[in-house]
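Student: Sharing a structure, written as C-alpha cells. Questions coming.
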Amino acid sequence: MSNDPLNLNEAAEWQGLWWLPDAPDEQVPGVLRYDGKGGLSLSLIGAFEERIFQQLAPGVKDELEGLRVWDVIYGVAQQREITLLGCVPIRSRRSIGARVESPDTQIASVTTAIIGAHISGREDAAFAAAEISVEDLTLWAASSVFSESLGFCDGELDGTGTISVKPVEMETVTVDGTEYCLEHAHTLPFFERRKGEIVGRMCDAVSIRVCRAETFSLKTALEDASLIQDLIALATHRSAGVIWLQLEVAGTKAFLPDGRMLPPRHANVLYCPVVVGNRDEKSVDPDSVLFACQMLPFEEVMPRWCGVRGRLQAAINMILGLRYAPARFVENNLLMAVGAAEALHRGLDIEEKPVPEAEFKKIRNAMLGQVPEEYRGRFKQAIRNSPTLRDRLLALAGRPDQEAIRQLVPDVGHWAKRTTRARNDLAHEGKTPNHSIDELIAIVRVTSTVVVLNVLHELGLPVERQRQIVRDHPQLRMICKKAREWLVPPEGDF
C-alpha cells in the first residue's frame with residue numbers, strides 16, 4: 001500500500017463498498033469520483049434511505065419534508081479505508097412500480113474524503129501529524145538538494161558539467177508546543193530512454209510537517225494547511241494553492257519481530273481549498289517574491305507568523321482575498337482594502353483616543369443635555385471617541401519603514417484624504433461621483449500595499465528589504481507609478 005500523497009489537481013476514482021456508520025452490515029457498491037478541482041461525488045448501485053420519517057406509533061411512520069444529510073459514510077476500496085464527510089443526496093432513481101426490476105441508483109455530493117482511514121468526523125482526534133505541500137513552497141524555502149556546475153576551458157564553456165545531490169538537513173521549530181518541520185524529499189536518478197534522446201531526471205520537493213504533542217482532528221489539520229497556504233501567499237504576493245495534504249494516522253506505528261519499526265499508515269485528504277495547487281506549473285519569478293527563508297529564516301518566521309496571523313487574521317484574510325479571488329468591480333475591492341486597513345489598525349491595538357476620556361465624557365454629557373429625552377439614546381450611540389478612518393490610515397502609514405512608504409505614496413495625507421472620501425461616498429451615498437475609476441484603482445492598490453507592508457513589518461522584515469521590494473518588485477513598482485499619477489494633490493490644492 002503506497003504512502004505517496006494524492007495531488008489535489010489530479011482526478012481519481014475508487015470502486016468499493018459503502019455503508020452508514022449505524023448500519024455496517026448494509027453495504028452498497030459504488031464509485032467515489034474526484035474531479036481534480038476539489039469536487040467529490042459518490043455514485044451508488046443501490047441507495048441509502050434519504051427520506052426523513054417521524055415515528056407516530058409502533059409500526060406507523062409519517063414521511064416529513066426534506067432529505068437526509070449524511071455526516072459520515074464509510075467505505076473500503078483499493079485495499080484502503082475511506083471516510084466521506086458532509087454527504088448530500090443529489091439524485092436518486094428507484095425501481096418501485098417499474099415494469100422491470102432493476103437496482104436503485106443514487107448520487108451524493110461529498111465535501112471531504114479521507115483516503116486511508118475511518119474517522120468519526122471532523123472533530124475526531126485521529127491523527128499524529130500533518131504534512132502539507134503548497135505551490136512555490138520550494139522557492140520560498142530557498143534551499144535545494146541540487147547544485148550544479150558548468151565546465152569552462154580558457155574562459156569558455158566546454159560542454160562539461162555536473163549536477164550533484166546532497167540531502168538538506170530538516171529545519172525544525174516549535175511554537176506553543178506544535179512542531180513545524182521544513183522537509184526536502186528527492187527521488188533517485190532516473191533515465192528515460194526515448195527514440196531520439198535520453199532524459200535524466202531527479203525531483204526535489206519541499207513540504208512542511210506539523211506535529212503536535214497530542215493527537216488532533218481533521219479540522220485542526222485543515223487549519224494548519226490554511227496557515228501554511230496563507231504564509232506562502234503573503235510571501236509570493238499572489239495566490240498559493242494547496243498541492244496535497246497527507247495525515248499520519250495515530251497509533252499505526254508497529255514493530256517487526258527483529259525490532260525494526262514499520263512506517264505509520266498515512267491518509268490523504270481530498271477537499272476544496274481556497275485554491276487547488278498544481279505542482280507541474282512553472283514557478284513564479286524569484287523577483288516577485290516579497291521574502292524567502294534566506295531573508296527571514298524558517299525558525300524565525302514561523303513563530304512570528306503564528307503570532308501575527310493569530311492577532312491580525314481578519315485583516316490578513318481580507319487582504320489575501322484580493323489575491324485569491326479579486327472582485328470584478330473596483331467598488332468591492334475598495335471596501336475590501338479599506339476594511340482590511342481598519343481591521344489591521346484595530347488588531348494592532350494602537351488605537352488612541354482623539355480626546356482624553358475624562359474630557360470626552362464631559363463634552364458628551366454637555367451635548368446630551370441639550371437633546372430631548374426621547375432622542376438621547378440614539379445620540380449617545382452616535383457620539384464616539386474613536387479615531388476616524390483617516391486617522392487609522394495615517395497611523396498605519398507611519399509604522400513601516402518611512403522611506404518605503406515615501407516611495408509607495410508621495411503624499412500620505414492626500415492618499416488618506418481621498419481614500420476616506422471614496423469609502424464614505426460609497427458606503428453612505430452608494431456611489432463615488434468624485435473619483436475616477438483610475439483613481440479608485442490606485443486607492444485600492446496603495447491601501448492594500450500599506451496593509452501588506454504593515455504585516456511584513458510585524459514579521460520583522462528588515463527595512464532594507466522593505467525599501468527594495470517597493471522599489472524593485474514589478475507590481476509594487478507599477479503601484480508607485482499609479483500613486484504618483486492619481487494620489488497627489490493638484491497644483492494649488494493645499
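The values are calculated or read from the model by the stated rules, or taken from the named source; none is laboratory data. Since this is a predicted model, take the numbers as computed values, not measurements. Don't worry about glycine lacking a Cβ; one is built from the backbone with ideal geometry, like all the others, and counts go over all protein chains shown. Protein only, heavy atoms only, side chains kept; ligands, DNA and RNA dropped before computing areas. Shrake-Rupley method; radii C 1.70, N 1.55, O 1.52, S 1.80 Å.
Student: What pairs from Lys37/Lys195; Lys37/Lys282; Lys37/Lys219; Lys417/Lys481; Lys353/Lys380 go past 27 Å between their alpha carbons?
Tutor: Table pairs above 27 Å Cα-Cα are Lys37/Lys195.
Student: Give the ranking of Glu10, Glu135 by solvent-accessible surface, highest area first, calculated with a 1.4 Å probe.
Tutor: Listed by decreasing accessible area, they come as Glu10, Glu135.
Student: Among 285-295, 237-247, 311-321, what's the highest-first ranking by average C-beta atoms within 10 angstrom per residue? Write out the running numbers ahead of the final one.
Tutor: Working: 285-295: 16.3, 237-247: 23.6, 311-321: 20.0.
Top to bottom by mean Cβ count within 10 Å: 237-247, 311-321, 285-295.
Student: Follow-up. Taking the Cα centre of the chain as origin, work out the dipole magnitude from +1 charges on Lys and Arg Cβ and -1 charges on Asp and Glu Cβ, in debye rounded to 20.
Tutor: Here the chain has a charge dipole of around 1540 debye.
Student: Before anything else, pin down the relative contact order of the chain: Cα pairs under 8 Å, at least 6 apart, normalised by residue count, whole percent.
Tutor: Averaging sequence separation for qualifying contacts and normalising by length gives 12 percent for the chain.
Student: Then there's this: Could you rank the peptides 342-355, 427-440 by their average count of other C-beta atoms within 10 Å per residue, with the highest value first?
Tutor: On the way: 342-355: 15.5, 427-440: 12.7.
Result, highest mean first: 342-355, 427-440.
Student: Averaged per residue, what accessible area in Å² does the chain show with a 1.4 Å probe, protein chains only?
Tutor: 54 Å²
Student: Take Glu13 and Gln370, extend 7 Å from each Cα along the Cα→Cβ direction, and tell me the distance between the two endpoints in nm.
Tutor: 7.7 nm
Student: For the chain, with the dipole built from +1 on Lys and Arg beta-carbon atoms and -1 on Asp and Glu ones, taken about the Cα centre, which of Thr220, Gln79, Asn454 lies farthest toward the positive end?
Tutor: Looking along the dipole axis, the top candidate is Asn454.
Student: What does the accessible area of Asp204 come to, in Å² to the nearest 10, when a probe of 1.4 Å is used?
Tutor: Probe radius 1.4 Å; accessible area of Asp204 about 30 Å².
Student: I need the peptides 143-151, 446-454, 117-125 ranked by packing, meaning the mean over residues of other C-beta atoms within 10 angstrom, with the highest value on top.
Tutor: Peptide ranking by packing, descending: 446-454, 117-125, 143-151.
Student: Using alpha-carbon positions, what is the distance between the centroids of segment 359-384 and segment 5-28, in Å?
Tutor: Here the two parts' Cα centres lie 63 Å apart.
Student: Let me know the shape class of segment 260-304, please: from the alpha-carbon gyration tensor, a ≥ b ≥ c as square roots of the eigenvalues, rounded when a/c is under 1.5, otherwise prolate if a/b is greater than b/c, or oblate.
Tutor: oblate
Student: Once you have a ≥ b ≥ c as the square roots of the Cα gyration tensor eigenvalues for the chain, tell me rounded if a/c is under 1.5, and otherwise prolate or oblate according to whether a/b is larger than b/c.
Tutor: Oblate.
Student: Give me the percent of accessible area attributable to carbon and sulfur for the chain, probe 1.4 angstrom.
Tutor: Ligands and nucleic acids excluded, carbon and sulfur give 51 percent.
Student: Divide by every residue of the chain the summed helix terms, -39500 (n - 2.57) for each DSSP H run of at least 4, and state the resulting mean residue ellipticity at 222 nm, rounded to the nearest 500 deg cm²/dmol.
Tutor: -10500 deg cm²/dmol
Student: Continuing with the same structure: Counting only the backbone N, which residues of segment 247-265 are under 16 Å from the spot 7 Å out from the Cα of Ala185 toward its beta-carbon?
Tutor: Residues passing the 16 Å test: 247-249, 263-265.
Student: Specify which residue in the list Trp415, Leu182, Gly16 is farthest towards the positive end of the charge dipole of the chain, using unit charges on the beta carbon of Lys, Arg (+1) and Asp, Glu (-1), about the Cα centre.
Tutor: Value: Trp415.
Student: At 0.36 nm per residue, and after removing the present C-alpha to C-alpha distance, how many nm does the segment from Asp391 to Asp154 gain when stretched out fully?
Tutor: Working: separation 237, 0.36 × 237 = 85.32 nm, distance 6.44 nm.
Contour length minus the Cα-Cα distance gives 78.9 nm.
Student: Something else now. With the cut-off at 1.5 for a/c, could you classify segment 307-360 from its C-alpha gyration tensor as rounded, prolate or oblate?
Tutor: oblate
Student: Can you give me the C-alpha center-to-center distance between segment 108-177 and segment 418-494, rounded to a whole angstrom?
Tutor: 36 Å
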